[in-house]
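So the structure is just underneath, and the comments pick up after that.
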Amino acid sequence: MSLEKLSQRRRRPYSPPGLRVLRGPGDTYEKGARWVIADDHGFASVELMRDQSALHPDTMYIEHLEVGPGDRGRGHGRSLLGNVEVFAANVGARWLQIDSEADAEGFWLRMGFRETGKVLYAGKVSMVKKINGS
């Protein structure tokens, strides 16, 4: 399969330009759906949470967000997170939630997240952000 065909196959109507769906439920989904999405510099694993397991209704949980080592410190993490936020809004989320490692808290705070006051397993801190425009 050509790279162009593969790229088109990985586009979804709810995915912003430049963000590819590497794994997910396709064009139809519901709460509990999971995706692996990527741009040219990194990827994210996300889940549209079922409301009973989220801090807020209509929450997209970011399980993992990573930018390649050679691309760090250049704004690519901010860009990828911006695309994740658009993606989340497009699938009906109004909130983003993450359980942050201690060494990454500064990044999430700069990106507009706030701590919820809950400290989780292995010292991870629960953080949330209301999606712009929701």
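The values are calculated or read from the model by the stated rules, or taken from the named source; none is laboratory data. Quick caveat, the model's predicted, so the values are computed rather than measured. With ideal geometry, Cβ positions are generated from the backbone for all residues, glycine too; neighbour counts draw on all protein chains shown.
Applying the condition of being closer than 14 Å to Arg78 by Cα and of a type in the set (A, V, I, L, M, F, W, C) to region 97-134 and asking which residue is modelled with the lowest pLDDT yields Ala104. Listed by position, the strands (runs of 3 or more DSSP E) contained in region 72-134 that have at least 1 residues being in contact (Cβ under 8 Å) with a residue 12 or more places away in the chain and among the hydrophobic types (A, V, I, L, M, F, W, C) are 95-100, 125-130. Can you pull out the residues in region 79-109 that are more than 27 Å from Glu30 (Cα to Cα) and in contact with a helix residue (DSSP H, G or I) (Cβ under 9 Å, 6 or more places away or on another chain)? Result: Glu101, Ala102, Phe107. Looking only at region 11-24, which residues are in a loop (DSSP other than H, G, I, E, B), exposed (fewer than 15 other Cβ atoms within 10 Å of the Cβ) and either in contact (Cβ under 8 Å) with a residue 12 or more places away in the chain or in contact with a Phe, Trp or Tyr (Cβ under 7 Å, 6 or more places away or on another chain) (or both)? Scanning region 11-24 gives Pro13, Gly18. Applying the criterion of being buried (at least 18 other Cβ atoms within 10 Å of the Cβ) and of a type in the set (Val, Ile, Thr) to the residues of region 25-84, the residue that is farthest from Gly106 (Cα to Cα) is Ile37.
For (1) among the acidic types (Asp, Glu); (2) under 28 Å from Arg12 (Cα atoms); (3) more than 11 Å from the chain's Cα centre (by Cα), each residue gets a yes or a no:
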site: Asp99; (1), (2), (3): yes, yes, yes
site: Asp103; (1), (2), (3): yes, no, yes
site: Gly106; (1), (2), (3): no, no, yes
site: Phe113; (1), (2), (3): no, yes, yes
site: Gly117; (1), (2), (3): no, no, yes
site: Ala122; (1), (2), (3): no, no, yes
site: Asn132; (1), (2), (3): no, yes, yes
